[in-house]
Structure formats: C-alpha cells, structure tokens
Ligand SMILES: [Fe+2]
C-alpha cells in the first residue's frame with residue numbers, strides 16, 4: 001500500500017522539471033540518481049552559462065544552484081536568469097554556512113531557499129518538496145486567474161453587444177444619429193492622436209464616441225423625429241440625454257471611463273452648456289475632445305431644415321467659438337486638421353456612408369436571435385414541467 005502511494009507520488013513528480021547547476025560532476029551525478037529515484041524529470045549541467053541558455057530555451061519548474069562556481073558564482077547566474085524569468089523557483093546550495101551569500105542578495109534575487117551541501121540529501125529533498133507544493137499552488141492560481149480573465153472578457157463582450165444593440169436602436173429611430181456616433185468616435189480619436197494621447201485614452205475616446213448619444217433611447221420618438229423647430233419643453237427633454245446615457249452605462253464597471261464623455265459632451269468651455277454647466281478645465285478633457293467632434297459632425301450633416309455647411313463656414317465657426325464653446329487649445333488643433341489634413345476627415349466621412357443598411361440587417365438579425373432563443377427556452381420550460 002505504502003509502495004503504491006509512493007509510486008503515485010513519483011509519477012506526479014514526473015510532471016515537474018528540475019535543473020541542477022554545479023561545476024562538480026560528482027554532485028550532479030548524485031543529484032541525478034537521487035532525484036530521478038524520487039520521480040523528478042532531472043537535467044544536470046556543470047557550466048553556468050549553459051544553464052542560463054537552457055533556462056532561456058526550455059521550461060523548468062525548479063533550479064538547484066551551487067553558489068561557489070567557476071567561471072562565475074551562482075548569484076550571478078540568478079542575476080542573469082531573473083532578467084528574463086521571474087517565475088523559476090531557485091534553491092541555492094552553499095558549502096559551509098559561513099560561505100552563504102548575504103540575506104540581502106537572497107532577497108534581492110528572489111531566491112526561494114538555500115541549504116548546505118552534504119552527502120545526505122534529506123534537507124534538500126524537503127526544500128524541493130515544499131518548493132514543488134508552492135509551484136503547484138502557483139500554477140493553480142494562474143489557471144484560475146486565466147479562467148477568470150476569460151469569463152470577464154466574455155461578460156464584457158456580452159455587455160458591449162447589448163449596449164451596441166441599444167445604440168442601433170437609437171440610430172434606427174433618430175435619422176440624424178445614423179452613422180453620426182461612428183464618425184464622432186473616429187473624429188475624436190483623430191484629434192486625440194494629434195494631442196498625443198495614450199493608447200488607453202484613445203480607446204476611451206473611441207468607445208465614448210460610439211455611445212455618447214445612447215441616452216437618446218430615453219427621449220420620445222416624436223421629439224427625435226420632429227422636422228420643425230423644437231419647443232422649449234421639447235428641447236429640455238433632448239437635454240436630458242447625456243444624464244440618461246450616463247445612468248444607463250453606470251451599471252457596468254466596463255464603462256466607467258467613458259461615462260464622463262457621455263455625460264459632459266454638451267458642456268461648453270464658457271460654462272453655458274449642459275447638463276452640469278461645467279466651465280473650462282472642469283470639463284473632463286476627453287469630453288472636450290468629443291464635443292468638438294460632435295459639433296463638427298452636426299455642422300457637416302444634412303438636416304431637414306438646412307444643408308450641410310461648407311468647409312469655410314465650418315472653419316470660421318470653430319474660430320469664432322474658440323474659448324467660448326470649445327477648449328481653445330483643442331480648437332486650434334482641430335482647425336489645423338480642417339485646414340491642412342482634411343483628407344483624413346473625408347476618409348472617415350466616406351467610410352460611414354454605406355454601412356447603414358448593413359447595420360439594420362444586423363439589428364434585425366440580433367432581434368431574430370433573441371426571439372429564437374426565447375422560444376427555445378419557453379419550449380424547454382414547458383417540456384421540463386410537463
Ligand atoms: Fe449628444
């Protein structure tokens with residue numbers, strides 16, 4: 001029975017790869033016999049440089065390392081290895097305990113343990129066994145983290161998909177918004193790039209632009225689709241959309257970075273915007289960028305009551321509103337794009353002309369999938385309780 005258990009333990013050990021580095025061939029030979037008998041997958045090396053190369057090219061779980069070696073000592077080997085591998089579990093073998101490296105070195109190089117060399121390997125085997133236990137736990141934690149990350153990503157995607165559907169729904173009922181949020185998203189990123197923003201900020205601008213008008217889902221269709229001039233009351237209803245949008249997105253942490261964009265893209269630099277009448281630098285920076293992209297797209301979109309404005313008029317509007325409606329520095333940068341790099345804007349405008357039909361098909365397909373899913377579940381439900 002004991003022997004059976006021992007065999008199981010030994011075959012489990014076989015999953016772990018140990019490398020030993022000692023410039024004395026005799027020690028390597030003894031370790032080889034001893035550790036192979038315990039079931040470990042063992043590799044012995046006498047040259048420290050070769051050991052570094054092996055760790056670089058192969059996977060090992062644990063390293064047993066002699067401290068005093070030629071041409072360089074064990075701590076130098078660890079120093080090199082730690083530059084590219086932080087995970088390898090390292091045990092240091094020392095001669096006499098007075099020759100052990102200082103504790104500070106052991107900590108700095110993240111060496112997990114050390115023991116004195118002796119003919120008996122009992123102490124070393126105990127250290128190896130506890131090392132393998134730690135490695136096993138670390139691997140399990142890593143595996144759980146990977147699974148969690150995977151689940152989180154799936155949840156994120158599912159949430160993103162449902163908000164995307166909401167966006168298409170808004171676009172389906174508000175003719176003006178069609179393609180608008182895609183263009184605002186890309187125009188914001190264009191301006192963000194010009195301002196030298198980080199990749200993370202550019203991503204926030206991209207998603208923020210896509211969903212900035214999501215709150216229009218809460219505005220009555222009669223107001224969104226009205227051809228004539230809005231009454232004051234109707235305009236007040238429209239002005240609720242940034243707060244409604246921020247509220248819709250507040251349920252998921254995934255959107256926490258874009259909420260300031262959604263909530264404040266209608267603030268004005270002079271403090272006369274909505275919903276919070278924020279002024280100047282009080283307005284979140286990314287929201288100030290989206291405000292410019294949003295206004296530009298509004299000016300260049302056809303409305304029922306007017307044609308799209310010509311480029312010269314748009315440029316003079318941006319110059320006129322510098323420091324009142326828009327952040328002056330961002331306004332200057334955008335005018336520079338309008339005057340000198342208009343082809344990049346044109347490209348974005350062209351890109352979102354032909355996608356509308358495709359988008360409605362996607363929306364219909366999505367609704368169809370939901371209906372199919374519901375009917376499947378209701379049938380299963382009936383069968384289950386029958
Ligand atoms: Fe808006």
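The overall shape of region 160-201 is oblate: from the C-alpha gyration tensor, with semi-axes ordered a ≥ b ≥ c, the ratio a/c is 1.5 or greater and a/b is no larger than b/c. Rounded, prolate or oblate for region 107-231? Axes are the square roots of the Cα gyration tensor eigenvalues, ordered a ≥ b ≥ c, and the cut-off for rounded is a/c under 1.5. Note, shape of region 107-231 comes out prolate. Ordering 332, 201, 119 from the fewest to the most neighbouring beta carbons within 10 Å gives 119, 332, 201.
Judged by the ratio a/c of the largest to the smallest principal axis of the C-alpha gyration tensor, region 12-144 counts as rounded, that ratio being less than 1.5. GNM on the chain, C-alpha springs below 10 Å: top fluctuator among 180, 73, 266? So, out of 180, 73, 266, the one fluctuating most is 73.
Distance between the pseudo-spin-label points of residue 281 and residue 222 (7 Å out from Cα toward the beta carbon): 4.7 nm. Relative contact order for region 147-353: 19 percent, from Cα pairs under 8 Å spaced at least 6 residues apart, divided by residue count.
What FRET efficiency comes out for the pair residue 59/residue 253, r = Cβ-Cβ distance, R0 = 41 Å, nearest 0.05? After rounding, the FRET efficiency stands at 0.70.
Against the longest principal axis of the chain, how steep is helix 328-340, in degrees 0 to 90 to the nearest 10, with axes from Cα atoms? Here the helix axis deviates by roughly 80 degrees. Comparing mean-square fluctuations of 79, 281, 146 from a GNM of the chain with C-alpha springs under 10 Å, the top value falls on 79.
With a Förster radius of 25 Å applied to the beta-carbon distance between residue 120 and residue 29, the computed FRET efficiency rounds to 0.95. Over region 189-241, the alpha carbon radius of gyration divided by the compact-protein estimate 2.2 N^0.38 Å works out to 1.58.
With the simple spin-label model, which puts each label point 7 Å out from Cα in the Cβ direction, the residue 136 to residue 104 separation comes to 3.8 nm. For the chain, modelled as a GNM whose springs connect Cα atoms under 10 angstrom apart, the maximal fluctuation among 70, 313, 251 occurs at 70.
Remark: the residue 342-residue 169 segment gains 59.2 nm on full extension, using 0.36 nm per residue and subtracting the alpha carbon distance. Taking the number of Cβ atoms within 10 Å of each Cβ as an exposure proxy, the fewest-first ranking of 223, 283, 90 is 223, 283, 90. Calculated mean residue ellipticity, 222 nm, the chain: -19500 deg cm²/dmol, from DSSP H runs (n ≥ 4) at -39500 (n - 2.57) each, averaged per residue and rounded to 500.
Computed log10 I(q)/I(0) for region 147-353 at 0.09, 0.16, 0.18, 0.19 Å⁻¹: -0.34, -1.11, -1.41, -1.56, from the Debye equation with unit scatterers placed on every C-alpha and solvent omitted. The separation of region 139-191 from region 309-346, counted between C-alpha centres, amounts to 29 Å. When the alpha carbon gyration tensor of the chain is reduced to an equivalent ellipsoid, its three semi-axes come out at 65, 29, 17 angstrom, largest first.
Read-outs: derived from the displayed coordinates by stated rules, not from any lab. These figures come from a predicted structure and were not determined experimentally. Every residue, glycine as well, gets a Cβ built from its backbone with ideal geometry; the counts of neighbours run over all protein chains shown.
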